[in-house]
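Computed from the coordinates by the stated procedures, all read-outs in this text should not be read as laboratory data. This structure is a prediction, so every number in the text was calculated from the model and none was measured. Here the Cβ positions follow ideal geometry from the backbone for every residue, glycine too, while neighbour counts run over all protein chains shown.
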Amino acid sequence: MRIRVNDQMSGQAEFTIEQLTAMAPRVVSLADRVPEIEGEAFELQEWYRAWQKQLPPQERADREPSQLTVEAADEFQATIPWDELGEAVFLFKQEGKPLVKGFPIRLYVPNGSSECLNVKSVVQIRFSYNEIHKEATYGFKNHIALEDLKFSK
Ligand SMILES: Nc1nc2c(c(=O)[nH]1)N[C@H]1C(S)=C(S)[C@@H](COP(=O)(O)O)O[C@H]1N2
Ligand SMILES: [Mo]
C-alpha cells in the first residue's frame, strides 16, 4: 500500500505508511485533539514542512500551500484551505495496529468546518498553491447520478 503525494511545486512522490510516518517530526495522540477517539497520529503541516526540508533546494516550494486535497480509496475527496488545517492530523495506528477503519490513514480536521472532512482511507494527498477557496468542500469525485446518464443525449 502506497500513498501518493502530489505537489504543484515539488512534483510527485509515493510513500509507504512507514516512510510517511517516519518523516513526521513527532507522533501525537488523536484523543488530545478529537475527544474520545484514541490513536496515533502525525500533524499534516509538520509533515509537510519536514518533507519539503529534505527535498533538494530546487524542488522546494517557495511558500506554504493554499489548500490541501485528499482523495480516498472509494473516491471520496475533500479540499480544505490551509488555514483550516492548523490542527489537522493523519491517524495511522489504533491500539498499536494499522487502522481497521480508515486504512491506510485517516485525516482528522479538529475545529474544521465539518466532520465530513475526516476523510477515511486516504490514498492521495495533493498540495496546491494558487487556488484560493475560502470554504472546504467534500464529496465523491466525478459523481454522475444514474438519472443524469439515462437522460443525457
Ligand atoms: N473515504 C471516505 N471518507 C469519509 C466518508 C466517505 O464516504 N468516504 N464520509 C465522510 C463523512 S460525510 C462523514 S460524516 C464522516 C463519518 O465518519 P465515521 O464513519 O467515523 O462516522 O466520514 C467522512 N469520511
Ligand atoms: Mo458527513
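Some notes on this structure:
- Around residue 94: net Lys/Arg minus Asp/Glu count, Cβ-Cβ under 15 Å: +1
- Separation of the residue 135 and residue 27 label points, Cα + 7 Å toward Cβ, nm: 3.9 nm
- Neighbour cut-off at most 14 other Cβ (10 Å), DSSP loop, GluC sites (Glu not before Pro), segment 51-129: 75, 95
- Computed over the chain, relative contact order equals 27 percent, with contacts defined as Cα pairs under 8 Å that lie 6+ residues apart.
- Length released on extending from residue 97 to residue 12, taking residue separation times 0.36 nm less the Cα-Cα span: 27.8 nm
- Extension reserve of the residue 73-residue 60 stretch, reckoned as 0.36 nm per residue once the Cα distance is removed: 1.9 nm
- Seen from a random direction on average, the alpha-carbon convex hull of the chain projects onto 10.8 square nanometres.
- Mean residue ellipticity, 222 nm, helices only, the chain: the sum of -39500 (n - 2.57) across DSSP H runs of n ≥ 4, divided by residue count and rounded to 500, is -4000 deg cm²/dmol.
- Its Cα gyration tensor gives segment 1-45 an equivalent ellipsoid, and the semi-axes of that ellipsoid, as √(5λ) in whole Å with the largest first, are 24, 12, 9.
- Which of 58, 112, 24, positive extreme of dipole for the chain (C-beta unit charges): 58
- Only the Cβ atoms of Lys and Arg (+1) and of Asp and Glu (-1) were treated as charged; on that basis the dipole of the chain about its Cα centre amounts to roughly 380 debye.
- Taking the Cα centre of segment 66-109 as reference, the dipole from Cβ charges on Lys and Arg (+1) and Asp and Glu (-1) amounts to some 300 debye.
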